[in-house]
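Accompanying notes for the structure given below.
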Amino acid sequence: MSVSENILENAGRILGPVFGKGRRQGWQKLAARPAHLPANPCQDSAGGQRASPVPMRGDFNMAHSAQPPEVSEFHNCWARRILVILGAAALCACSAMKLGYQQGDRLAYWWIDNYVDVTSAQEPLTREAIARFFAWHRKAQLPEIASLLQEAKADVRQPVTPAMVAHFQDASQQLARRSFEQAMPDMADFLLTLTPDQIARMEKKFAEGNAKYRKKFLNADPAEREEARFDKVMEYARLVYGGFSPEQEKAIRAKVGPVVQNAEARYAERVARQQEWIKMVRFVQATQPPKSQVIDLLRRFREYWQNPPARHAASHEAGNNAGIALTVAIANLTTPQQKAHAQDRFQKWIDDTHALMREKAHPPVQSAAAN
């Protein structure tokens, strides 16, 4: 897939777990983190510069980057946040992709602890769960990621079609789906330990994230709203293809409109998904059902997230189609030099993925209390 945006996002979704950033750890408190670990784990990746992790969908594809970014949800902190690790490392600057994956347990912990303030009783089992996930991912999904990246590298110099973009989107969604499935038993154990205060904190974090989202992407001024989306699209496009000429940027800006027009509907869909998550978590906390039932609830939530209800389906499809169209447009206006830049970028990701496949999985990170 040629993928200007799509590959990049598919890179984050697919690659997510591979490299540094991302939306999945030891759950040590930030206050008790090791001295060498910055308050923001991305700080190391940015060469000492403070850089906030950039939320990316676990089913990341460039078409989705063109849409309003996913509003952070707690379930992302595990299945989908882990699937984000590449994107953050890449956007945090320097070539920190491999380093990001190697520190994925800390990054994953940082996100989850930020959402629920993990207790000392929850910490050990959570760290073990994170280590299990990364050991599985290294063995089961890195080879698939490497194959998809190789395919992207081969396709990037060709004319791009919507079908090509959809292929990578579907492949990355399947990776995210299997990652979520793998994490569900440990997620169920963790949800059964949550307290009302932790759930309230989670809900507060959602509200804070929604407020920031509205301020940036749902500005009352249509021009400001379009500018914010354009900036995000170009951030991903430049990462893959390098710089763009003023003429190219003008052409891309003209294609952003349909994506922006769907912003309100996409936001409503995401808020509804958050509400469904909170409702499920409260039910689990209040009733303490058997683990098997919690896993079933998580599976149903996953279906809700990937196949939204009919009331949201039309806007979901419209947003996805607009994102794919924008991805195709960007890819097909790039020059041979930009396509060569993209091939080089993919090769570096491929090399990092192969290097990670050769490494041994790390044992769980010890908590500060155990040191």
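The values are calculated or read from the model by the stated rules, or taken from the named source; none is laboratory data. Quantities reported herein were computed from a predicted structural model and do not represent experimental measurements. Don't worry about glycine lacking a Cβ; one is built from the backbone with ideal geometry, like all the others, and counts go over all protein chains shown.
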Per the list (1) modelled with pLDDT of 70 or more; (2) surrounded by 24 or more Cβ atoms within 10 Å (Cβ to Cβ); (3) not in a helix (DSSP H, G or I), residue check on S120 breaks on (2)
Residue check for S172: under 25 Å from F346 (Cβ atoms), of a type in the set (G, A, S) and either under 21 Å from the mean Cα position of the chain (by Cα) or modelled with pLDDT of 90 or more (or both) | yes
Residue check for L191: out of contact with any strand residue (DSSP E or B) (no Cβ under 7 Å at 6 or more places or on another chain) and over 23 Å from Y304 (Cα atoms) | no
Could you pull out the residue among E276, E247, E269 that is part of a helix (DSSP H, G or I) and in contact with a His (Cβ under 6 Å, 6 or more places away or on another chain)?
-> E269
Among the residues of region 317-346, the number that are at pLDDT below 90 and out of contact with any helix residue (DSSP H, G or I) (no Cβ under 6 Å at 6 or more places or on another chain) is 4
For region 143-170, how many residues are more than 17 Å from V240 (Cβ to Cβ) and surrounded by 20 or more Cβ atoms within 10 Å (Cβ to Cβ)?
-> 1
Could you pull out the residue among I199, I145 that is more than 21 Å from I350 (Cα to Cα) and not charged (D, E, K, R)?
-> I199
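Look through region 321-357, keep the residues that are under 12 Å from A237 (Cβ atoms) and hydroxyl-bearing (S, T, Y), and return whichever of them is nearest to the chain's Cα centre (by Cα).
The selected residue is T327.
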Determine, yes or no, whether V233 is touching an Asp or Glu at 6+ places or on another chain (Cβ under 7 Å), more than 17 Å from M280 (Cβ to Cβ) and either among the β-branched types (V, I, T) or not in a helix (DSSP H, G or I) (or both).
-> yes
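Conditions tested, residue by residue: (1) modelled with pLDDT of 95 or more; (2) surrounded by 14 or more Cβ atoms within 10 Å (Cβ to Cβ).
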site	(1), (2)
M280	yes, yes
P290	yes, no
F301	no, yes
M357	no, yes
Which of the residues spanning region 220-238 are under 15 Å from K339 (Cα atoms) and surrounded by fewer than 20 Cβ atoms within 10 Å (Cβ to Cβ)?
-> R238
Do we have any residue at all in region 155-164 that's more than 17 Å from the chain's Cα centre (by Cα), among the basic types (K, R) and assigned to a helix (DSSP H, G or I)?
-> no
